[in-house]
Number of protein chains: 2
Amino acid sequence: MKDLNKNLSNAKSSSSTTTGWKVGSSTMAKTTFNPIRNILETMDLAPNPKKEMISLSIGDPTVFGNLKPSQVIIDAVSASVQSGKNNGYGPSTGFVPARKAVAEHVSVPGAEIDENDVILCSGCSCALDLCISALANPGQNIMVPRPGFPLYTTLAKGLGIETKEYDLIPEQNWEVDLTHMESQIDQNTVAILVNNPSNPCGSVFNKDHLKKILAIAERHYLPIIADEIYDYFVFPGQEYIPIASLTSSVPVLSCGGLTKRFLVPGWRMGWITIHDRNSVFAAEVRKGLQCLSQRIIGSNTIVQGALPTILKNTPKAFFDDTIDVIQKNAELAFSKLSTIPGLKPVMPSGAMYMMVGIDRSIFPEFENDLEIVETMVKEQSVFCLPGKCFNIKDYVRIVLTVPGESMIEACDRIAEFCHKHAKYSSSIPKGLMA
Amino acid sequence: MKDLNKNLSNAKSSSSTTTGWKVGSSTMAKTTFNPIRNILETMDLAPNPKKEMISLSIGDPTVFGNLKPSQVIIDAVSASVQSGKNNGYGPSTGFVPARKAVAEHVSVPGAEIDENDVILCSGCSCALDLCISALANPGQNIMVPRPGFPLYTTLAKGLGIETKEYDLIPEQNWEVDLTHMESQIDQNTVAILVNNPSNPCGSVFNKDHLKKILAIAERHYLPIIADEIYDYFVFPGQEYIPIASLTSSVPVLSCGGLTKRFLVPGWRMGWITIHDRNSVFAAEVRKGLQCLSQRIIGSNTIVQGALPTILKNTPKAFFDDTIDVIQKNAELAFSKLSTIPGLKPVMPSGAMYMMVGIDRSIFPEFENDLEIVETMVKEQSVFCLPGKCFNIKDYVRIVLTVPGESMIEACDRIAEFCHKHAKYSSSIPKGLMA
Ligand SMILES: Cc1ncc(COP(=O)(O)O)c(C=O)c1O
Ligand SMILES: Cc1ncc(COP(=O)(O)O)c(C=O)c1O
């Protein structure tokens, strides 16, 4: 009884420092901050009521209704749920047939993997979350591209992990500035994240360039986290090469999923594939990933049950049609925006985005790309994502998954906006530019 | 160029400390350890080849095939995917109609919530993960029940958060030892986790007891994380009371989902409902939860699309039938196991488990409950989860969702096992006990 009282008074004295309800959120909650989502979910964007809104902002290819998933995969999900076989818990890494299907999907000759090298996740975001949290401790850092998809930093920061940016070079089709990349690696660097094909750039790295990145990883003994969610999502004539297929020494965790190319972001079906011909991950990382996958016990089993059919039977024509829409939009937007004073679009080779550079000397009334974006919404009801979302200044990112007419209309409105706001230096007669 | 060389040599000198490939996993990966899953996925349990295995171990009501989800919810999912409306990204907290349906599902008169108080998650596990990570920093602690579901500690430990156990009292239907609970609260305690109905105990707290727990929370200004995944999953005559309905001052994050009562664990549909009539979470915690939900962008949208139908149209008879199976098994197992020397089953009131105490003085050849479980698998092909999984000694947990015949057969084999291994003290003649 004495002991008990002692404990009780301990408790009381400690909580007596609390004089009322003051419940704060954790540092992790405070430092988990996703700029894109935050803009979309909390920004009060007031479009021009006289013009219908055209949103070129969100990387969701389904929002316009012009791009729909293949009926094959819809029916595969119906069949999966009706079978009654996919309602129970799967292993936290996913059902074996589903993992086998992913292993086949990502294997390339000479770099085959099997179902034990696959972890199914709740979307590619979750795959990235597991990879980052399996490899890095608070205070350590991961190299990420600039411009780049902001989720990497969101995920890392929330765990006290730093990101260090390596630059991409717009003039070289957004290839990595290799010298800059290598210069940024320090003793706390634990991995290099490579996103290919790229969001936001739409760039696709060639074999030679990927090998140069691998050489840096090899020199510094750094594993690669490959964000390959846009795998094979490239324009005709372009080649997608999985980075893991080019190395037998550098261990690679590749993150992918159905989200983009299959046009089903909401299904939350992503995966990690482990490429480790050198057995570097055998000691700890494999087990670490498996343990981390047990936190939330994997992804939806209905989709898992459909995954073999989805990956094997989706017709090639479906992918070709999607790419065709995107490529046409890319060419259209590129040719239109290239003629507008102050804009420098960079032609993509894949994925579903285009970066458009803004010469702010031509638009002196705006402080930054964010203001340009907001004003463009207000006046033209066209919403692009500001470069700020991707850690780069003086760019906006446009998505290329809109219907063709909307793409034309959007470009025309952007042109009107730019012509209205462009201020030409007196040395160049206005007539020459317009 | 000079600067560049300097950077390069920095990088080199740092990585020169690494002489080869040594890639370890993070502390988070190393400390995320789920005992149940680890036992199931890594244990090499060799059953007696002459007896068919009866697994009373895993909390997946679908594994035996006797309990199936309602056709209503299967069809709702088919309709959802065929509609083509639920393929895109939802808000990271979930589609509004789905959140509305959850708000209605969990609201009780006088304690209504709306869609803004709901966050859909990838299973209840993910809901718990978000709640724990939103409230606690490394070094802080959360009170959890003992015996209790091991995931709480798994989730917390991985983030450097401690758990402090409060005891449940088997002799009082596993009610909380309130004195012990209060004695364990210290200045680093940030929340009390209450699991009702309970896994592994199958206990259901009454109003009076829940109020006493709330009084402790109130005295110490501690919010409650309520794991209510077994909500309304109680035997006839028992009452499930959401803890949040009994307080207007203590803020409650309740975690629930479809997993158990709807018999679809693989679907990964869980939720957090925020009950905060006192607006304690308004300052930070709500925003924190929302930000954390953006890490993996919510749960499968096909199931979200079906959620209003699932929650409104699942026939009451479906739930009654499930409970009936479980209650019959509970009564059967209780009456059979009560007569076995050395066993002390505790009759549950809900959920789908029963705890069975083991008097180890009767089984001196075994060091602990783990050895008993392993030997029972080897000899009788009956697999129960050792109390160790739930942080308690000298108990095993059995699941009650098996077909009736299997329950009988399992109990008979357990009886055979106990009779074989029981050693009676010389003062009690063996004949009297057998
Ligand atoms: C480069 C990149 N990686 C990962 C993701 C996340 O994919 P998921 O929706 O499968 O989580 C996205 C989505 O926009 C992306 O663009
Ligand atoms: C008490 C308790 N909470 C949470 C969970 C996890 O539920 P879910 O499968 O929805 O993540 C379980 C599953 O067994 C459980 O028993």
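Would it be correct to say that residue B:307 is within 16 Å of ligand 2 (Cβ to nearest atom), under 21 Å from the mean Cα position of the chain (by Cα) and of a type in the set (A, V, I, L, M, F, W, C)?
no
Can you name the condition, by its number, that residue B:218 falls short on among (1) open to solvent by less than 20 Å² (accessible area, probe 1.4 Å); (2) in contact with a Ser or Thr (Cβ under 7 Å, 6 or more places away or on another chain)?
Failed condition: (1).
Report the residue count in segment B:71-103 for those that are assigned to a helix (DSSP H, G or I) and within 16 Å of ligand 2 (Cβ to nearest atom).
3
Can you find a residue in segment B:302-317 that is within 25 Å of residue B:207 (Cβ to Cβ) and of a type in the set (A, V, I, L, M, F, W, C)?
Checked against the condition, which is being within 25 Å of residue B:207 (Cβ to Cβ) and of a type in the set (A, V, I, L, M, F, W, C), segment B:302-317 yields at least one hit.
Could you tell me whether residue A:190 is part of a strand (DSSP E or B) and more than 16 Å from ligand 1 (Cβ to nearest atom)?
yes
Among the residues of segment A:113-134 satisfying the criterion of being in contact with a Gly (Cβ under 8 Å, 6 or more places away or on another chain) and closer than 23 Å to residue A:278 by Cβ, which is nearest to the other protein chains (Cβ to nearest Cβ)?
By that ranking, first place goes to A:134.
Can you confirm whether residue A:256 is within 16 Å of ligand 1 (Cβ to nearest atom) and within 7 Å of another protein chain (Cβ to nearest Cβ)? So that I can check it myself, show each step before the final result.
Working: within 16 Å of ligand 1 (Cβ to nearest atom): yes; within 7 Å of another protein chain (Cβ to nearest Cβ): no.
No; evaluated as a whole, the condition is false for this residue.
Checking the conditions here, which among A:64, A:95, A:33 is surrounded by fewer than 17 Cβ atoms within 10 Å (Cβ to Cβ), touching a residue at least 40 places away in the same chain (Cβ under 8 Å), more than 7 Å from chain B (Cβ to nearest Cβ) and of a type in the set (A, V, I, L, M, F, W, C)?
Result: A:64 is the single residue among A:64, A:95, A:33 that is surrounded by fewer than 17 Cβ atoms within 10 Å (Cβ to Cβ), touching a residue at least 40 places away in the same chain (Cβ under 8 Å), more than 7 Å from chain B (Cβ to nearest Cβ) and of a type in the set (A, V, I, L, M, F, W, C).
Give the residues of segment A:149-204 that are among the hydroxyl-bearing types (Ser, Thr, Tyr), without any contact (Cβ under 8 Å) to a residue 40 or more places away in the chain and within 24 Å of residue A:285 (Cα to Cα), sorted by residue number.
Hit for segment A:149-204 is A:163, nothing else.
Scan A:78, A:125 and give me the residue that is within 27 Å of residue A:319 (Cβ to Cβ), among the polar types (S, T, N, Q) and in contact (Cβ under 8 Å) with a residue 12 or more places away in the chain.
Only one candidate passes the filter, namely A:125.
Look at residue A:222 and say whether it is part of a loop (DSSP other than H, G, I, E, B) and within 14 Å of chain B (Cβ to nearest Cβ).
Answer is yes for this residue.
Considering only residues that are open to solvent by less than 40 Å² (accessible area, probe 1.4 Å) and at positive phi, which ones fall in segment A:130-170?
Within segment A:130-170, A:160 is the sole residue that qualifies.
Working only within segment A:332-351, note down all residues that are among the small types (Gly, Ala, Ser), open to solvent by 20 Å² or more (accessible area, probe 1.4 Å) and farther than 16 Å from residue A:173 by Cα.
Result: A:335, single match.
Looking at residue B:229, is it within 14 Å of ligand 2 (Cβ to nearest atom), open to solvent by less than 10 Å² (accessible area, probe 1.4 Å) and in contact with a strand residue (DSSP E or B) (Cβ under 6 Å, 6 or more places away or on another chain)?
No; evaluated as a whole, the condition is false for this residue.
Let's see how each residue does on (1) open to solvent by less than 10 Å² (accessible area, probe 1.4 Å); (2) under 19 Å from residue A:171 (Cα atoms); (3) touching a His at 6+ places or on another chain (Cβ under 8 Å):
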| residue | (1), (2), (3) |
| --- | --- |
| A:356 | yes, yes, no |
| A:362 | no, no, no |
| A:370 | no, no, no |
| A:375 | no, no, yes |
| A:378 | no, no, no |
| A:387 | yes, yes, no |
| A:390 | yes, yes, no |
| A:394 | no, yes, no |
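Within the group A:298, A:350, A:357, A:270, which residue is touching a residue at least 12 places away in the same chain (Cβ under 8 Å), within 13 Å of another protein chain (Cβ to nearest Cβ) and out of contact with any Cys (no Cβ under 6 Å at 6 or more places or on another chain)?
A:298
Mind checking which residues of segment A:176-188 are at the interface with chain B (Cβ under 9 Å from one of its Cβ atoms) and either open to solvent by less than 40 Å² (accessible area, probe 1.4 Å) or touching a Pro at 6+ places or on another chain (Cβ under 7 Å) (or both)?
Result: A:180, A:182, A:183, A:185.
Among the residues of segment A:101-127, count how many are crowded, with 18+ Cβ neighbours inside 10 Å and away from ligand 1 (no atom under 16 Å from the Cβ).
Count: 5.
So that you can scan it fast, the table gives a plain yes or no per residue for (1) assigned to a helix (DSSP H, G or I); (2) under 26 Å from the mean Cα position of the chain (by Cα); (3) modelled with pLDDT of 95 or more:
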| position | (1), (2), (3) |
| --- | --- |
| B:372 | yes, yes, no |
| B:388 | yes, yes, no |
| B:415 | yes, no, yes |
| B:425 | no, no, no |
| B:432 | yes, no, no |
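What is the one condition in (1) buried (at least 21 other Cβ atoms within 10 Å of the Cβ); (2) within 16 Å of ligand 1 (Cβ to nearest atom); (3) under 30 Å from residue B:299 (Cβ atoms) that residue A:205 does not satisfy?
(3)
Looking at A:173, A:199, which one is at pLDDT 95 or above, more than 16 Å from ligand 2 (Cβ to nearest atom), under 30 Å from residue B:301 (Cα atoms) and buried (at least 19 other Cβ atoms within 10 Å of the Cβ)?
Of the residues listed, the single one that is at pLDDT 95 or above, more than 16 Å from ligand 2 (Cβ to nearest atom), under 30 Å from residue B:301 (Cα atoms) and buried (at least 19 other Cβ atoms within 10 Å of the Cβ) is A:199.
If a residue must be within 12 Å of ligand 2 (Cβ to nearest atom), small (Gly, Ala, Ser) and outside any helix (DSSP H, G or I), how many such residues does segment B:112-149 contain?
Total satisfying the criteria: 2.
If you scan segment A:259-302, which residues turn out to be open to solvent by less than 10 Å² (accessible area, probe 1.4 Å), of a type in the set (Ser, Thr, Tyr) and away from ligand 1 (no atom under 16 Å from the Cβ)?
A:301
Across segment B:273-289, what is the number of residues that are within 10 Å of another protein chain (Cβ to nearest Cβ) and in contact with a Ser or Thr (Cβ under 9 Å, 6 or more places away or on another chain)?
Going through segment B:273-289 one residue at a time, the tally reaches 10.
The values are calculated or read from the model by the stated rules, or taken from the named source; none is laboratory data. Treat the numbers as computed from the prediction; the structure is a model and nothing was measured. Reconstructed Cβ throughout: ideal geometry from the backbone, glycine too, with neighbour counts over all protein chains shown. Side chains are part of the model used for accessible areas, which takes the heavy atoms of the whole protein and leaves out ligands, DNA and RNA. Shrake-Rupley method; radii C 1.70, N 1.55, O 1.52, S 1.80 Å.
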